[in-house]
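Okay, so here's the structure we're looking at.
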Amino acid sequence: MGPPAGGLPKPMSKVTDWKRVSSALEETDTPALNNIPDVIQTTDEIDSSIGALTNHIQKAVKRCSREVPAAADRRRMPADALELIRPKNAALRHAYAYPTSENRSKARALKRRVRARMLEVKNEEWSNLMDDITPSHQAFWKLTKALKSEGYLPTPPFKKADSSLAVDDVEKAECLADSLELQCSHTIPPVDIHHITCVEEEVRHKTSLEPRDDLSPVSLDEVQKLVKNLNAKKAPGLDGMSNKAIKCFPITLLSLLVAIFNACLKNCYFPPVWKEAVVIGIHKLGKPRDLPASYRPISLLSGLGKIYEKILKSRLSEYLFSKGLIINEQFGFRPDNYCPQQALRLVEYIMEGFKT
């Protein structure tokens with residue numbers, strides 16, 4: 001069987017011109033952004049402002065992106081290897097158009113020569129890397145991780161609870177969702193329903209009161225520093241807004257973001273859209289690949305929501321430490337303190353006890 005009449009579909013990749021994105025984001029005179037009120041006060045205005053901002057970013061990135069063929073990178077290939085590839089491709093096209101034994105034999109011979117030369121090139125590159133690499137080399141730890149990993153393996157069909165198989169992506173996603181729901185559910189019902197109800201009512205009552213200690217407002221300088229420290233290689237959340245796009249924000253959009261954050265603090269509000277996540281499953285080493293329980297979930301959250309989380313964390317930490325609400329013995333989740341230090345202190349204390 002040969003290729004289809006139209007030929008095999010070429011793999012495509014998306015390329016984004018981030019300089020154009022930066023220029024496009026500076027144009028803030030759009031219908032969506034113009035509908036945002038000058039002073040954001042209510043939770044509905046917060047949600048609509050986030051939606052307008054997200055829509056503006058998505059459109060700007062889409063306009064500055066294009067699809068290109070995902071061709072192999074041949075820039076590092078030696079010139080003699082490239083000279084072998086060109087006649088090989090020409091011979092293959094000629095053999096496909098005129099499938100004589102002589103043409104096919106010539107094409108196979110050229111394919112063998114190219115394959116042998118490519119193997120030599122790979123071996124030479126590997127030998128050079130092994131000669132040059134040191135623990136301080138940029139690729140040292142990436143190489144170590146690659147050698148330890150299994151490499152890419154396609155996800156096999158999942159076994160359902162009724163022993164049937166989930167083959168397509170939708171069924172696999174449902175299997176993972178059911179498995180996660182089972183793992184995160186209570187095995188037995190709560191012991192005291194009345195106590196839980198009282199706690200929930202008390203929490204609702206406390207959150208309805210005016211705050212006694214106002215949190216410090218968010219400043220433009222604070223947001224600029226947080227955006228600058230974002231990891232551009234992190235995967236985006238459900239809104240598709242990457243950290244690289246957030247780094248392209250002009251001052252006007254950063255000021256809008258500051259207004260949204262301050263409105264959230266004033267209303268004690270965390271926007272629901274920032275709570276939505278794309279959940280992917282990462283296989284646990286040594287576990288059966290066909291069982292949904294063998295995959296640990298990774299949640300990809302919104303980049304804007306992560307910035308707001310850091311803002312909340314800094315203010316909560318400052319309040320807790322200034323009021324002395326966290327005991328000095330707690331080392332977890334505290335800056336410049338590590339749990340192994342406390343474990344080592346406990347071991348030393350026990351060893352001293354044995355000596356006495």
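No lab work stands behind these numbers, since they all come straight from the coordinates. Please read these numbers as outputs of a predicted model, since none were measured by experiment. Cβ coordinates were reconstructed from backbone atoms using ideal geometry, including for glycine residues, and neighbour counts include every protein chain displayed.
A few comments on the model shown:
- Helix content alone sets the calculated 222 nm mean residue ellipticity of the chain: runs of n ≥ 4 DSSP H residues at -39500 (n - 2.57) each, divided across all residues, give -17500 deg cm²/dmol.
- Lysines with Cα under 19 Å of K284, excluding same-chain neighbours fewer than 8 positions away: K145, K148, K159, K160, K172
- Net charge over other residues, Cβ less than 12 angstrom from the Cβ of G51 (K, R count +1; D, E count -1): -4
- Stretch in the chain that is longest and holds no chymotrypsin sites (Phe, Trp or Tyr not before Pro) that DSSP places in a loop and that have at most 15 other beta carbons within 10 Å: 1-151
- Loop-located trypsin sites (Lys or Arg not before Pro) in the range 183-257, at most 10 other Cβ atoms within 10 Å (DSSP): R212, K233
- What the Kirkwood sum gives for the range 23-120 is a hydrodynamic radius of 18.7 Å, with every pair of different alpha carbons counted.
- Using only alpha carbons, the chain has a radius of gyration to Kirkwood radius ratio (Rg to Rh) of 1.06.
- The Kirkwood hydrodynamic radius of the range 158-221, based on inverse pair distances between different Cα atoms, is 16.8 Å.
- Looking at the range 277-339, the trypsin sites (Lys or Arg not before Pro) that sit in a DSSP loop and have at most 12 other Cβ atoms within 10 Å of their own Cβ are K323.
- Global geometry of the range 189-264, whether rounded, prolate or oblate, following the gyration tensor of its Cα atoms and the 1.5 cut on a/c: oblate
- Range in the chain, longest, excluding exposed GluC sites (Glu not before Pro) [loop by DSSP; at most 11 other beta-carbon atoms within 10 Å]: 151-328
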